[in-house]
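**Student:** Quick one: the structure is below, questions incoming.
The values are calculated or read from the model by the stated rules, or taken from the named source; none is laboratory data. Just so it is clear, the model here is predicted, and its values are computed rather than measured. Counting neighbours? That spans all protein chains shown, and the Cβs are built from the backbone with ideal geometry, glycine included.
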Amino acid sequence: MKILLVAINAKYIHSNLAVYCLKTYAEKNMPQDVNVQIELAEYTINQNRDEILKDIYRRQAEMICFSCYIWNLDYVESMIRDVKKVMKDVIIWAGGPEVSYDSRETLGRLPELTGVMKGEGEKTFAKLCKVYGKRSETSELSLEQIDGITFRCPDGTICERPWRVPMDLSEVPFVYHDMKKFENKIIYYETSRGCPFSCSYCLSSIDKQLRFRSLDLVFNELQFFLDHKVPQVKFVDRTFNCKHDHAMAIWKYIQEHDNGITNFHFEVAADLLNDEEIRLIRQMRPGLIQLEIGVQSTNTDTIREIRRTMRLEEVREHVARIKEKGNIHQHLDLIAGLPYEDIKSFRKSFDDVYSMRPDQLQLGFLKVLKGSYMQEMQQEYELRYKDEPPYEVLSTKWLPYSDVIELKGIEEMVEIYYNSGQFTHVVEALVENYASAYQMYQDLWQYYEEHDYMGIQHRRSARYEIVLDFVKEKYPEQADVMRELLTYDYYLRENAKSRPEFAGEDATDKRFVRAFYEEEEKERKHLPGYEQFDRNQMRKMTHLEYFPHMGKMLLFDYKFRNPLNQEARTCMIKEDSLERRG
């Protein structure tokens, strides 16, 4: 029997670790009397549906299994219906978190489905392969004996089997061997499953049996990534540092075997970090690891209600200690729509987290996931959310939809002007005009609304022009200084030889620029690493700009960028270091 595992990802750069685990585990544990050929097919939700349907049809599998998540469920359900129309005899199964917790309803909604795999799927899928791939009718195994599934019986009734006991994570085979399949894609990797916490909005809290992969296996697998110079490995462990010795062992291995290229991404609880971990983190190469930290809210009533443990002062202290060293990208998260969090409370949460100056601040919105405690509490919280995935919050007892609209606007402004890293210095200067960072982003959003800028795909330079116009209207006396900061931000990221309009007239003495590169070609005082380039090549690879309000001549070096934010290396050129002409 030919079985096709289908993953429809959110983006091309994503890969689906789950289907690779299912395939690898099943093949490793396949008895000789089972005749099964397993294939993988990965697509994205941005692809043409007809092209995906055509590709699935041409593969002519006898059984197709779809991986279901909040970002692809609508797409997958439509595909299941269409596949069954053109392949009427095919057996179709679904799995993943988006169908595990309402498997009966899923089968009722999709008569095309034979069954649903619930929860952890490696052993369940291997058992299904044995049932469908058996060479003889004398095989004793049947669907009625497989835990972790809900399926449709021949008479049309639905049978639900018990959830499967969680497996030893070290039994899951390593899925990465042929790295050509994963070129230009994020590599996902797990060393633990389950979570020690009970956050009411999260499905990971349901799996209370926290399990860890053997460190011997982990070290071998990390070395594989390092040897292949994988650009980024994203750990999917829900709270990576919940077990100190496990986290320390992995971080030490990564540091000791650093190849100078690979970046590792971890989700951590900042307040759980201890002195030993922070000391190690502060010693790492800039860009070796990055940390994602879920703060979610700083309202103590909210934190208690969502069953979360979070000590804000320790989060603040640990984030600051890591930031001080300047070698680690820190990404902090907030969630809007949580219980007891009204707009005033959220503003405070926003300002609290913003004051930590993370490299990125993600303002997310509550997703009311099937099977979560949050879903159980929807009536008490007066929680209204979208019927379609990702089931995003529309309003709560504390947060009306009008406030959600405002928060959506703040989210977009933060994404454009903070998280992009393209406006670092001008935004920092703008915030100085406000007692609240939230208020600054609110004013900027309202300016966008008043000028009908929302919903438009602006070119990058237009974003600079909009900020400058905003400053001219709100703080006209600061316009010249802000223009200069915008120009500085622009050249930090962009080696542009065509001057942007917002930057105004160039105050840089062209004769000084010419003299600088002539001198640099001879003595190489300011551009180490450019020895093989002549003056014209150096001029193309760098930029020299005079900033009158700063009173500085700055050199932007694009060959050597900050690995955390990709800003050009800069150095100040003293004008008396060469004779200034004119």
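**Student:** Checking the structure you have, find out if any residue of the range 163-171 is surrounded by 15 or more Cβ atoms within 10 Å (Cβ to Cβ) and farther than 30 Å from Asp216 by Cβ.
**Tutor:** Among the residues of the range 163-171, not one is surrounded by 15 or more Cβ atoms within 10 Å (Cβ to Cβ) and farther than 30 Å from Asp216 by Cβ, which makes the answer no.
**Student:** For the range 142-169, name all the residues that are of a type in the set (Gly, Ala, Ser), modelled with pLDDT under 95 and touching a helix residue (DSSP H, G or I) at 6+ places or on another chain (Cβ under 9 Å). Step through it out loud before you land on a result.
**Tutor:** Our first condition is that a residue be of a type in the set (Gly, Ala, Ser); within the range 142-169, this holds for 142, 148, 156.
Adding the requirement that they be modelled with pLDDT under 95 leaves 142, 156.
Within the range 142-169, Ser142 is the sole residue that qualifies.
**Student:** Looking only at the range 540-569, count how many residues are touching a residue at least 24 places away in the same chain (Cβ under 8 Å), outside any strand (DSSP E or B) and not polar (S, T, N, Q).
**Tutor:** Of the range 540-569, the ones touching a residue at least 24 places away in the same chain (Cβ under 8 Å) are 540-550, 553-560, 562-568.
Next cut, outside any strand (DSSP E or B) only: 540-541, 548-550, 562-567.
From what's left, not polar (S, T, N, Q): 540-541, 548-550, 563-564, 567.
Qualifying residue count for the region: 8.
**Student:** In addition: Residues that are in the same structural domain as Glu324 (by TED's automatic domain parsing) and in contact (Cβ under 8 Å) with a residue 24 or more places away in the chain: list the helices (runs of 4 or more DSSP H) wholly contained in the range 349-439 that include at least 2 such residues.
**Tutor:** Answer list for the range 349-439: 373-376.
**Student:** Could you check the range 10-32 and list, in sequence order, the residues that are under 22 Å from Val172 (Cα atoms) and touching a strand residue (DSSP E or B) at 6+ places or on another chain (Cβ under 8 Å)? Show your work before the answer.
**Tutor:** First, the residues of the range 10-32 that are under 22 Å from Val172 (Cα atoms): 14-32.
If the condition is that a residue be under 22 Å from Val172 (Cα atoms) and touching a strand residue (DSSP E or B) at 6+ places or on another chain (Cβ under 8 Å), then His14, Ser15, Asn16, Leu17, Ala18, Val19, Tyr20, Leu22, Lys23, Ala26, Glu27 are the ones that fit.
**Student:** Which residues, counting only those in the range 421-447, are among the aromatic types (Phe, Trp, Tyr) and over 23 Å from Asp480 (Cβ atoms)? Lay out the reasoning, then the answer.
**Tutor:** At the first step, the residues of the range 421-447 found to be among the aromatic types (Phe, Trp, Tyr) are 423, 434, 438, 441, 445, 447.
Once the filter is applied, which keeps residues that are among the aromatic types (Phe, Trp, Tyr) and over 23 Å from Asp480 (Cβ atoms), the range 421-447 yields Tyr438, Tyr441, Trp445.
**Student:** Same structure again: Quick check on Leu73: is it hydrophobic (A, V, I, L, M, F, W, C) and without any contact (Cβ under 8 Å) to a residue 40 or more places away in the chain? It would help to see each step written out before you state the result.
**Tutor:** Working: hydrophobic (A, V, I, L, M, F, W, C): yes; without any contact (Cβ under 8 Å) to a residue 40 or more places away in the chain: no.
So Leu73 does not fit the description; no.
**Student:** The conditions are (1) more than 37 Å from the chain's Cα centre (by Cα); (2) of a type in the set (Phe, Trp, Tyr); (3) closer than 23 Å to Gln422 by Cα, and Phe512 fails exactly one of them. Which is it?
**Tutor:** The number of the failed condition is (3).
**Student:** On the basis of being closer than 30 Å to Tyr253 by Cα, assigned to a loop (DSSP other than H, G, I, E, B) and β-branched (Val, Ile, Thr), does Thr309 make the cut?
**Tutor:** Numbers: closer than 30 Å to Tyr253 by Cα: yes; assigned to a loop (DSSP other than H, G, I, E, B): yes; β-branched (Val, Ile, Thr): yes.
Yes: the conditions hold for Thr309.
**Student:** Kindly indicate whether Glu519 is acidic (Asp, Glu) and under 30 Å from Ser420 (Cβ atoms). I'd like the intermediate steps shown before the answer.
**Tutor:** Working: acidic (Asp, Glu): yes; under 30 Å from Ser420 (Cβ atoms): no.
Here the answer is no, as Glu519 does not meet what is asked.
**Student:** Then there is this: Evaluate the following for Tyr530: is it outside any loop (DSSP other than H, G, I, E, B), under 30 Å from Met284 (Cβ atoms), hydroxyl-bearing (Ser, Thr, Tyr) and not assigned by TED's automatic domain parsing to the domain that holds Glu428?
**Tutor:** Details: outside any loop (DSSP other than H, G, I, E, B): no; under 30 Å from Met284 (Cβ atoms): yes; hydroxyl-bearing (Ser, Thr, Tyr): yes; not assigned by TED's automatic domain parsing to the domain that holds Glu428: yes.
Answer is no for this residue.
**Student:** Please work out which residue is surrounded by the fewest Cβ atoms within 10 Å (Cβ to Cβ), limiting yourself to the range 177-204 and to residues that are assigned to a loop (DSSP other than H, G, I, E, B) and without any contact (Cβ under 8 Å) to a residue 60 or more places away in the chain.
**Tutor:** So in the range 177-204, the residues assigned to a loop (DSSP other than H, G, I, E, B) come out as 177-178, 183-186, 190-191, 194-203.
Then keep just the ones that are without any contact (Cβ under 8 Å) to a residue 60 or more places away in the chain; that gives 177-178, 183, 191, 194-196.
Values: His177: 9, Asp178: 6, Glu183: 8, Thr191: 23, Gly194: 20, Cys195: 19, Pro196: 16.
If we take residues in the range 177-204 being assigned to a loop (DSSP other than H, G, I, E, B) and without any contact (Cβ under 8 Å) to a residue 60 or more places away in the chain, then Asp178 is surrounded by the fewest Cβ atoms within 10 Å (Cβ to Cβ).
**Student:** Does Leu222 fit the bill of being in the same structural domain as Thr309 (by TED's automatic domain parsing), within 25 Å of Leu40 (Cα to Cα) and more than 23 Å from the chain's Cα centre (by Cα)?
**Tutor:** So Leu222 does not fit the description; no.
**Student:** Working only within the range 111-125, note down all residues that are outside any loop (DSSP other than H, G, I, E, B), under 17 Å from Gln209 (Cα atoms) and in contact with a Leu (Cβ under 7 Å, 6 or more places away or on another chain). Let's see the steps before the verdict.
**Tutor:** Of all residues in the range 111-125, those outside any loop (DSSP other than H, G, I, E, B) come to 115-117, 122-125.
With under 17 Å from Gln209 (Cα atoms) added as a condition, the list becomes 122-123.
Result: Glu122, single match.
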